[in-house]
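Engineer: Here it is, the structure, as structure tokens.
The values are calculated or read from the model by the stated rules, or taken from the named source; none is laboratory data. Just so it is clear, the structure is predicted and the values come from calculations on it, not from any experiment. Every residue, glycine among them, receives a Cβ derived from its backbone with ideal geometry; neighbour counts consider all protein chains shown.
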Number of protein chains: 2
Amino acid sequence: MMREIIMYGLGSMGQRIARLALERGYRVAGAIDLDPAKAGQPLSRVLGLPDGACDATVSADAAEVLVSAQHAVVLQATSSFLAQVAEPIERCLELGHDVISIAEEMTFPAAACQETAERLNRAASQNGARVLGTGVNPGFAMDMLVLALTVPCGRVDHIRVTRTNDLSDFGPTVLNGQGVGLSPDAFHSAVDDGRVVGHVGFDQSVALIARHLGWQIERVEETRAPIVSSVVRATDHLAIEPGDVAGCLHRMTAFAGGREVLHLEHPQQIRPDLEGQATSDRIVITGDQTVDMVIAPEIGGGAGTAAAAVNAIEYLACAAPGLVHLTDLPLNSPRVLTA
Amino acid sequence: MMREIIMYGLGSMGQRIARLALERGYRVAGAIDLDPAKAGQPLSRVLGLPDGACDATVSADAAEVLVSAQHAVVLQATSSFLAQVAEPIERCLELGHDVISIAEEMTFPAAACQETAERLNRAASQNGARVLGTGVNPGFAMDMLVLALTVPCGRVDHIRVTRTNDLSDFGPTVLNGQGVGLSPDAFHSAVDDGRVVGHVGFDQSVALIARHLGWQIERVEETRAPIVSSVVRATDHLAIEPGDVAGCLHRMTAFAGGREVLHLEHPQQIRPDLEGQATSDRIVITGDQTVDMVIAPEIGGGAGTAAAAVNAIEYLACAAPGLVHLTDLPLNSPRVLTA
């Protein structure tokens, strides 16, 4: 029997997840969003679907929605950060619901805060529930896909991952976090004071890879550099001049056994095509054999994250109660009974 | 504690597996091979390793070796076909040993013979043992890697997989099975009477993918065409003239819901580089998003199969007793505790 789901958060990603879950035949038993423009509305209307596509009404009262269903799967899409999602997740687990979160830090919460990860694991275990973080990045492009490519390797000496994407579809919140439109000087200040964060999830990707390969990571190095444009680059949201920052080149390097074992590189910018740069996912593994993989264009972050979340519903049910990591599960492929 | 292993079969692949297992710290408790040139020899000598690299002696008496250890993992590398490996596997299972086989048909034995697959499942379950088939193809390049790439897909409409490799390192047995050196007419006769088989494993790849995606396959179409060379192509083993067959282009197409859902294409030949063809693994998934992946050169079949077999040892132990498929397990990455 298919599980009932509860949507927790109906921003752009939450809506994508809800639409895909409905398309896949899941029943949405409830939907939570604090936005006054959504609360009280029929979920179908918020999702831009015909009336009757589902019967849930969006509510701002999380507690009320959560007690109205039993042993549901809560799909959480509210924030990137563990500190902001942990408490709502704990409430869900205490009621016996399973939780799938697309918060970046939830793909390996212990890499953000060991104590909170343990608290979530306890809350889940004690209530016979499971909690999992997933998404395209972290959760796939820079970690699970890497691990998939190590299967035919007898020994892995080094892994290099580069994900080159295009932020042109995103609005001000995302673009500000990458420093788009700043001068190079202003970019460096914004990195220093935390306004430019770059990618959220390198710590999680490193931890997922290291744990699954049995690596003891000794230290990481991290840099955020401005991608300075040589040309005018324009999107629907803004235009930048030559010399302005088009995005952030965020890198993390991890060391084990006294040497570099993993290098993650994620240039995120608007309109890379205008300077001849194609978008792609590239993974190079060196060891007893070399695996050099390219996916071009890159795996879509939005559609991919929605799919990863919905696909996980069925696999999560088979895991033992507790905090679950993607590496514990079989491949979370879309299981659709008619081809 | 690391499991003890027993090597069953010490041909080229068995030797690679044994060397990698020793390198990874596994103790080889016994080794079986019928070849009079190997039986009675120290395993280290057969493997080309220094004396003392391991203490096992190769024996032609399978029964004796198998009763000399308890709850070991038997690594079987003797034949591609279920009909030839099933009975020895059953003997291992009856003694409570786990079995990892690189027989191509063992990655999904029910696709070769439902009854035998059920018999193996029973023998394993009744004795608290597990049996798994793995390898690079089938087992990775044309199935598990495909499934890994479906994780960020909400809907999969069609999958196309092309694996282009180079047979130049192989000897007469492999080359004859692909029709290398024949005239095109002789190739067609050899396909008709079963001397040219092409790739062994398409049925298994189709079954692994279909089961994991929940597809009901209605029928498959299969063709084997000669790859006719335009140039002289030579290897250490033979040389062919223009107009001769350089290899076999083997294709399988699977249909579900009344339409094509999966196309597997595996041209195997000597020296494809002489006609400008690079070797590669290519996977194209179309659905709610397009994933277009290339690995070039292709994942090495020999090293990759040895790694897949050794990597599986640790993961198999966590599975429930019975016949296990790769899709039931987490990613079989190499788990090496020092980086």
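Engineer: Take region A:319-339 and flag every residue that is out of contact with any helix residue (DSSP H, G or I) (no Cβ under 8 Å at 6 or more places or on another chain) and over 17 Å from A:Gly133 (Cβ atoms).
Structural biologist: Result: A:Leu337, A:Thr338.
Engineer: Now for a separate question. Can you confirm whether region A:41-56 contains a residue that is of a type in the set (A, V, I, L, M, F, W, C), more than 24 Å from A:Gln84 (Cα to Cα) and within 14 Å of another protein chain (Cβ to nearest Cβ)?
Structural biologist: No - not one qualifying residue is present in region A:41-56.
Engineer: Also: Out of B:Ala72, B:Ala60, I need the residue that is farther than 25 Å from A:Gly154 by Cα and either touching a strand residue (DSSP E or B) at 6+ places or on another chain (Cβ under 6 Å) or more than 14 Å from chain A (Cβ to nearest Cβ) (or both). Which one?
Structural biologist: Going through B:Ala72, B:Ala60 in turn, the sole match is B:Ala60.
Engineer: Just one of A:Gly198, A:Gly154, A:Gly181 is small (Gly, Ala, Ser) and closer than 24 Å to A:Ile299 by Cβ; which is it?
Structural biologist: None of the other options fit; the residue is A:Gly198.
Engineer: Another question, then. Sort out which residues of region B:303-335 are at the interface with chain A (Cβ under 8 Å from one of its Cβ atoms) and among the acidic types (Asp, Glu), and write them in order of number.
Structural biologist: B:Asp328
Engineer: Okay, next question. Check A:Glu241 against each of (1) under 22 Å from A:Ala207 (Cβ atoms); (2) out of contact with any strand residue (DSSP E or B) (no Cβ under 6 Å at 6 or more places or on another chain); (3) more than 14 Å from every other protein chain (Cβ to nearest Cβ) and name the one condition it does not meet.
Structural biologist: Condition not satisfied by A:Glu241: (1).
Engineer: Return the total of residues in region B:269-302 being surrounded by fewer than 19 Cβ atoms within 10 Å (Cβ to Cβ), of a type in the set (A, V, I, L, M, F, W, C) and either over 24 Å from the mean Cα position of the chain (by Cα) or within 9 Å of chain A (Cβ to nearest Cβ) (or both).
Structural biologist: Within region B:269-302, residues that are surrounded by fewer than 19 Cβ atoms within 10 Å (Cβ to Cβ), of a type in the set (A, V, I, L, M, F, W, C) and either over 24 Å from the mean Cα position of the chain (by Cα) or within 9 Å of chain A (Cβ to nearest Cβ) (or both) number 3.
Engineer: Does B:Thr107 meet the test of being assigned by TED's automatic domain parsing to the domain that holds B:Asp244 and either within 27 Å of B:Ile313 (Cβ to Cβ) or touching a strand residue (DSSP E or B) at 6+ places or on another chain (Cβ under 8 Å) (or both)?
Structural biologist: no
Engineer: Here is a check on your reading of the model: is A:Ala148 of a type outside the set (Asp, Glu), assigned by TED's automatic domain parsing to the domain that holds A:Glu87 and touching a helix residue (DSSP H, G or I) at 6+ places or on another chain (Cβ under 8 Å)?
Structural biologist: It is false that A:Ala148 is of a type outside the set (Asp, Glu), assigned by TED's automatic domain parsing to the domain that holds A:Glu87 and touching a helix residue (DSSP H, G or I) at 6+ places or on another chain (Cβ under 8 Å).
Engineer: Can you find even one residue in region B:177-185 that is surrounded by 22 or more Cβ atoms within 10 Å (Cβ to Cβ) and either facing another protein chain (nearest Cβ under 9 Å) or in contact with a Phe, Trp or Tyr (Cβ under 6 Å, 6 or more places away or on another chain) (or both)?
Structural biologist: So far as region B:177-185 goes, yes, one or more of its residues are surrounded by 22 or more Cβ atoms within 10 Å (Cβ to Cβ) and either facing another protein chain (nearest Cβ under 9 Å) or in contact with a Phe, Trp or Tyr (Cβ under 6 Å, 6 or more places away or on another chain) (or both).
Engineer: Of the numbered conditions (1) surrounded by fewer than 17 Cβ atoms within 10 Å (Cβ to Cβ); (2) touching a residue at least 24 places away in the same chain (Cβ under 8 Å), A:Pro321 fails exactly one; give the number of that condition.
Structural biologist: That leaves (1) as the condition not met.
Listed here are the residues, each with its yes/no results for (1) within 14 Å of chain B (Cβ to nearest Cβ); (2) under 30 Å from A:Gly154 (Cα atoms); (3) surrounded by 13 or more Cβ atoms within 10 Å (Cβ to Cβ).
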| position | (1), (2), (3) |
| --- | --- |
| A:His212 | yes, yes, yes |
| A:Ile217 | yes, yes, yes |
| A:Ala225 | no, no, yes |
| A:Asp236 | no, no, no |
| A:Cys248 | no, no, yes |
| A:Arg251 | no, yes, yes |
| A:His263 | yes, yes, yes |
| A:Pro267 | no, no, yes |
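Engineer: Looking only at region A:236-253, count how many residues are under 20 Å from A:Gly198 (Cβ atoms) and in contact (Cβ under 8 Å) with a residue 60 or more places away in the chain.
Structural biologist: Here the count works out to 8.
Engineer: Quickly run through region A:38-47 and pick out the residues that are in contact (Cβ under 8 Å) with a residue 24 or more places away in the chain and of a type outside the set (Val, Ile, Thr).
Structural biologist: Listed by number, the residues that qualify are A:Lys38, A:Leu43, A:Leu47.
Engineer: Say whether the condition of being within 26 Å of B:Ile313 (Cβ to Cβ), of a type in the set (A, V, I, L, M) and buried (at least 24 other Cβ atoms within 10 Å of the Cβ) is met by at least one residue in region B:151-167.
Structural biologist: yes
Engineer: Ok, one more. Looking at region B:177-220 only, could you name the residues that are under 19 Å from the mean Cα position of the chain (by Cα) and outside any helix (DSSP H, G or I)?
Structural biologist: B:Gln178, B:Val196, B:Val197, B:Gly198, B:His199, B:Val200, B:Gly201
Engineer: Ok, one more. Among the residues of region A:125-146, write down those that are in a helix (DSSP H, G or I) and crowded, with 24+ Cβ neighbours inside 10 Å.
Structural biologist: Within region A:125-146, A:Met144, A:Leu145, A:Val146 qualify.
Engineer: Based on this model, can you work out whether A:Ala129 counts as in contact (Cβ under 8 Å) with a residue 40 or more places away in the chain and not assigned by TED's automatic domain parsing to the domain that holds A:Leu208?
Structural biologist: For A:Ala129, the condition - in contact (Cβ under 8 Å) with a residue 40 or more places away in the chain and not assigned by TED's automatic domain parsing to the domain that holds A:Leu208 - is met.
Here is a yes/no grid of residues against (1) within 13 Å of chain A (Cβ to nearest Cβ); (2) under 23 Å from A:Ala308 (Cβ atoms):
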residue: B:Ala110; (1), (2): no, no
residue: B:Glu115; (1), (2): no, no
residue: B:Glu118; (1), (2): no, no
residue: B:Asn127; (1), (2): no, no
residue: B:Val136; (1), (2): yes, no
residue: B:Val151; (1), (2): yes, yes
residue: B:His158; (1), (2): yes, yes
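Engineer: Which one of these does B:Gly40 not meet: (1) more than 25 Å from the chain's Cα centre (by Cα); (2) under 21 Å from B:Ala129 (Cβ atoms); (3) modelled with pLDDT of 95 or more?
Structural biologist: Among (1) more than 25 Å from the chain's Cα centre (by Cα); (2) under 21 Å from B:Ala129 (Cβ atoms); (3) modelled with pLDDT of 95 or more, B:Gly40 violates only (2).
Engineer: What number goes with the only condition from (1) touching a residue at least 24 places away in the same chain (Cβ under 8 Å); (2) more than 19 Å from A:Pro172 (Cβ to Cβ); (3) not β-branched (Val, Ile, Thr) that A:Arg233 does not pass?
Structural biologist: With respect to (1) touching a residue at least 24 places away in the same chain (Cβ under 8 Å); (2) more than 19 Å from A:Pro172 (Cβ to Cβ); (3) not β-branched (Val, Ile, Thr), A:Arg233 is out only on (2).
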